[in-house]
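Engineer: Can you keep this structure in mind? I'll have questions shortly.
The values are calculated or read from the model by the stated rules, or taken from the named source; none is laboratory data. Every value quoted in this text rests on a predicted model; they were computed, and no experiment measured them. Note: ideal-geometry Cβ built from the backbone for every residue, glycine included; neighbour counts use all protein chains shown. The accessibility values were calculated without ligands, DNA or RNA, using every heavy atom of the protein model including side chains. Shrake-Rupley method; radii C 1.70, N 1.55, O 1.52, S 1.80 Å.
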Amino acid sequence: MNLNEYKGVYVFIEQKSREIQNVSLELLGRGRGLADTLEEELVAIFLGNEIKDQCQDLISHGADRVIYVDSPHLDRYLTEPYAQALAAISKSKKPNVILIGATSTGRDLAPRVSARLSTGLTADCTSLEISEEKELLMTRPAFGGNLMATIICPDHRPQMSSVRPGVMQKLAVDSTRTGEIINFDMKFDESKFKVRFIEEVKEAKQLVKIEDAHVLVSGGRGVGTVENFKNLENLALNIGATVSASRAMVDLGIVGHDRQVGQTGKTVRPDIYFALGISGAIQHIAGMEESEYIIAINKDKGANIFNNADLGIVGDVNKILPLLNREISKFSQKKA
Ligand code: FAD
């Protein structure tokens, strides 16, 4: 492989129902800095159906060039057509770097494309820099966040990295920027399409956003399962609170990312914050330490959350919650 043939910082632009996702604009922001340091172009790869009109937005957010594929096969994210298109563009254009958002879409797409291109992928990066040797330095937490590992991809191209939403900064929009918009003529291999879109079932969203809630009942890995989480939802219902969570619960798929409190989630400042089965990792504390009154339940009396709590209860949250719900119900019945 002649590494010198590979040029340009490419950003995969994620869209949902033609709405460009913030993480992609954040990656254009960081990609601009990387491309300038490398003295190479910043290119947006935009896949979707009837998306051509939005290409200029990507130039306004920092791209020098947009390569787009407009096809009904790309109307909604499906692994195979998206992987085919991104791999085909990469094989044809030979990018030096490809950046992808570490969203559920990006996490599905990035490893498949890296395998098709026979290159490496560093997932969930929190920092991207260029070394003196002009290599991409991809930094990500390792060993449960206890140390930061900087990873390079010295022998293969493109250098591929995925980055969590909310970590990089968008550029200010400059609608006077100009750039090239190119339609990529994609020939799909439909015989490889194994999955068909049938129906989208949308989850009913909470009415109150966690950043606006006065009382938050927040669950962590200590709550553990979907069944136990119902106890927590009942408590929230009983006291008119809103449900939120630590990232552990989001990563387990029990709670949506829109309810995550912390450094890569939302910053909240309720009057009362219940931290239930949450250890109190620094990234979580960063998002809730300004709460007026913090009540923590944890079975480990040494848990860091107690250093931030106004009221701490040492015990099994999954035994305490049903008791609490029962007592609150009795109290409400008496009042009625
Ligand atoms: P754990 O750390 O596993 O803690 C579980 C706790 O539950 C423990 O204290 C345990 O004693 C207790 N427990 C277990 N069973 C019970 C029980 N039956 N009853 C009572 N207590 C029990 N985290 C966030 O929350 N938000 C973020 O935005 C965020 N951003 C991050 C960004 C980066 C770059 C990195 C590296 C990490 C980030 N994290 C974030 C992750 C963070 O470091 C922790 O891993 C995460 O907060 C841990 O969640 P947790 O407290 O629910 O789980």
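Engineer: From the alpha carbon gyration tensor of the chain, can you work out the equivalent ellipsoid semi-axes (sqrt of 5 times each eigenvalue) and give them in Å, largest to smallest?
Structural biologist: Numbers: eigenvalues 366, 99, 64 Å².
Over the Cα atoms of the chain, the ellipsoid semi-axes are 43, 22, 18 Å.
Engineer: Sorting check: for 240-250, 190-200, 174-184, which peptide has the highest mean count of neighbouring beta carbons within 10 Å, and how do the rest follow? Present the calculation step by step, with values, prior to reporting the outcome.
Structural biologist: Working: 240-250: 23.7, 190-200: 8.0, 174-184: 12.8.
Sorting 240-250, 190-200, 174-184 by mean packing, highest first, produces 240-250, 174-184, 190-200.
Engineer: Under 8 Å for C-alpha pairs, at least 6 residues apart: give me the relative contact order for segment 210-335, rounded to a whole percent.
Structural biologist: Values: 263 pairs, mean separation 30.8, N = 126.
Once normalised by length, the contact order is 24 percent.
Engineer: While we're on this one: Compare Pro95, Pro111, Pro141 in a GNM of the chain, Cα atoms joined below 10 Å, and give the one with the largest fluctuation.
Structural biologist: Pro141
Engineer: Next question. Express the carbon and sulfur contribution to the solvent-accessible surface of segment 210-335 as a percent, rounded to the nearest whole number, probe 1.4 angstrom. Walk me through the intermediate numbers first.
Structural biologist: Numbers: 3310 of 6590 Å².
Heavy-atom surface of segment 210-335 belonging to carbon and sulfur, 1.4 Å probe: 50 percent.
Engineer: Another question, if that's okay. How big is the C-alpha Rg of segment 3-192 next to the rule-of-thumb value 2.2 N^0.38 Å, as a ratio?
Structural biologist: Numbers: Rg = 15.4 Å, N = 190, 2.2 N^0.38 = 16.2 Å.
Computed over Cα atoms of segment 3-192, the ratio equals 0.95.
Engineer: Starting from the alpha-carbon convex hull of segment 211-256, give the projected area averaged over all orientations, in nm². Write down the numbers at each step before the final one.
Structural biologist: Details: hull surface 11.9 nm².
The Cα convex hull of segment 211-256, projected and averaged over all directions, gives 3.0 nm².
Engineer: Next question. As I understand it, the dipole of the chain uses +1 on the Cβ of Lys and Arg and -1 on the Cβ of Asp and Glu, about the Cα centre. Which of Ser161, Ala275, Leu28 lies farthest toward its positive end?
Structural biologist: With unit charges placed on the Cβ atoms, the residue in question is Ala275.
Engineer: Compute log10 of I(q)/I(0) for segment 56-142 with the Debye formula, placing one identical point scatterer on every Cα and leaving out solvent, at q = 0.13, 0.21, 0.22 Å⁻¹, to two decimals.
Structural biologist: Values, matching the q order: -0.51, -1.28, -1.36.
Engineer: While we're here: Taking only the Cα atoms of segment 115-195, how large is their convex hull per residue, in Å³?
Structural biologist: 219
Engineer: Just to be sure I follow: if Rg is taken over the C-alpha atoms of segment 206-336 and Rh is the Kirkwood radius over the same atoms, what is Rg/Rh? Could the numbers behind the result be given before it?
Structural biologist: Values: Rg = 13.5 Å, Rh = 14.4 Å.
That ratio equals 0.94.
Engineer: Could you give me D for segment 268-310, from Stokes-Einstein at 20 °C and 1.002 mPa s, where the hydrodynamic radius is the Kirkwood radius over C-alpha pairs? Units µm² s⁻¹, please. Let's see the in-between values first.
Structural biologist: Details: Rh = 10.1 Å.
Reported coefficient: 213 µm²/s.
Engineer: Students often forget the sequence filter, so: which aspartates and glutamates lie under 13 Å Cα-Cα from Lys170 once same-chain residues fewer than 8 apart are removed?
Structural biologist: Reachable aspartates and glutamates: Glu26, Asp57.
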